[in-house]
Amino acid sequence: MKLSAQEFRNWKNKSITFLGMSGVGKTRLSNLLRQRNWFHYSGDYRIGTRYLDEPILDNIKKEIMQIPFLRDLLRSDSIHISNNLTVDDLKPVSTFLGKLGNPELGGLGLKEFKRRQALHHQAELATMQDVPDFIRKAHDIYGYDHFINDAGGSLCELDDDETIKLLAEHTLILYIKATKENEKELIHRAEVNPKPLYYREEFLDEQLSVYMKDRDLEYVALIDPDDFVRWVFPRLFYARIPRYEAIADQYGYTVTSEELLKVRHEEDFLRLIEKKL
């Protein structure tokens, strides 16, 4: 959605999609704004509670079934397993995605890893396609004036033009670009605490081939899961930048993570957007 500063100022029920890597400040700002009558639509939360809820629970139950005592209780319906996902704790989604590599180190085989990646891709598409309906719900049911779509970092990898156009039709897309300092921080964070990630299949196949040669490995089962995430994260980060930029250039606007860090109040945020428009 392209607007002038005046049009944005007069927009009674504002709807904005945050685009960018995890760690650039999207959720911090979403949490700040939801205290000021903005509905916080967390893409990852919707993915986990609506579209991946059953696969996440199936994965947990599969692990529980390895413990005889708990297996008997589960099979007799003596215990109930639920997914306690919250907007501030999305670990079940991350745990379900998993990491590629040696099963003895908690890794997944390539076939299972790709199956989960595909499920996540479908879930993220469906979640973003739900945005227009949630904009309506946020206003008509919950009484919020404005709406924030806190999209996942992999939004740029959906490769689905219709979904991006849908978001652009109903929301102002704001790309939060990491500064050079922020880039270093995010890469360092991934080195210290490597987390499961979503990869486009084409990107994964290309990088996996390079990694296997680089590490002189013959089988995926020999991969150290954390080592692969540490190795691939900078490559994923820089591969996503032109994708973010292409979306922002065509459909939205760009702010930096440094500019966003200075936002302390709703008024700061609105002034920043008007400046960009």
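No value in this document is a laboratory result; all are computed from the given coordinates. Predicted, not measured: the structure shown is a model, and the values here were computed from it. Using ideal geometry, Cβ is built from the backbone for each residue, glycine included, and neighbour counts are taken over all protein chains shown.
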Task: Relative contact order, percent, the stretch 111-221 [alpha-carbon distance under 8 Å, six or more residues apart] - done: 29 percent
Open item on the list: Restricting everything to alpha-carbon atoms, can you work out Rg to Rh for the chain with a Kirkwood hydrodynamic radius?
Closed with: 1.00
Open item on the list: Among 138, 246, 123, which one shows the highest mean-square fluctuation when the chain is modelled as a Gaussian network with alpha-carbon springs under 10 Å?
Closed with: 246
TODO: Find the relative contact order for the stretch 44-164 and round it to a whole percent, using C-alpha pairs within less than 8 Å whose residues are 6+ positions apart.
DONE: 25 percent
TODO: Scan the chain and note any complete DSSP helix (H) whose C-alpha atoms cover at least 15 Å along its axis and whose Kyte-Doolittle average is -0.5 or more.
DONE: 225-251
TODO: Determine the calculated [θ] at 222 nm for the chain from helices alone, applying -39500 (n - 2.57) to every DSSP H run no shorter than 4 residues and normalising by the residue count; nearest 500 deg cm²/dmol.
DONE: -17000 deg cm²/dmol
TODO: Using a cut-off of 10 Å between beta-carbons, work out the net charge of the residues near residue 117 (Lys and Arg +1, Asp and Glu -1, residue 117 not included).
DONE: +2
Open item on the list: Under the rule of at least 5 residues apart or a separate chain, name every residue whose amide H is placed under 5 Å from the amide H of residue 152.
Closed with: 43, 44
Task: Mean projection area, nm², convex hull over Cα of the stretch 1-157 - done: 11.9 nm²
Task: Potential lengthening between residue 216 and residue 192 on full extension [0.36 nm per residue; Cα-Cα distance subtracted] - done: 6.3 nm
Task: Qualifying aspartates and glutamates (Cα of each under 19 Å from Cα of residue 275; at least 8 residues distant if same chain) - done: 7, 245, 249, 258, 259, 266, 267
Open item on the list: For residue 179, what residues show an amide H to amide H distance below 5 Å, using hydrogens built from the backbone and excluding near sequence neighbours?
Closed with: 257, 258
- [ ] Using only alpha carbon pairs under 8 Å that are at least six residues apart, calculate the relative contact order of the stretch 14-271 and give it in whole percent.
- [x] 33 percent
Open item on the list: Which one, 147, 103, 52, is farthest towards the positive end of the dipole of the chain when Lys and Arg carry +1 and Asp and Glu -1 on their Cβ?
Closed with: 147
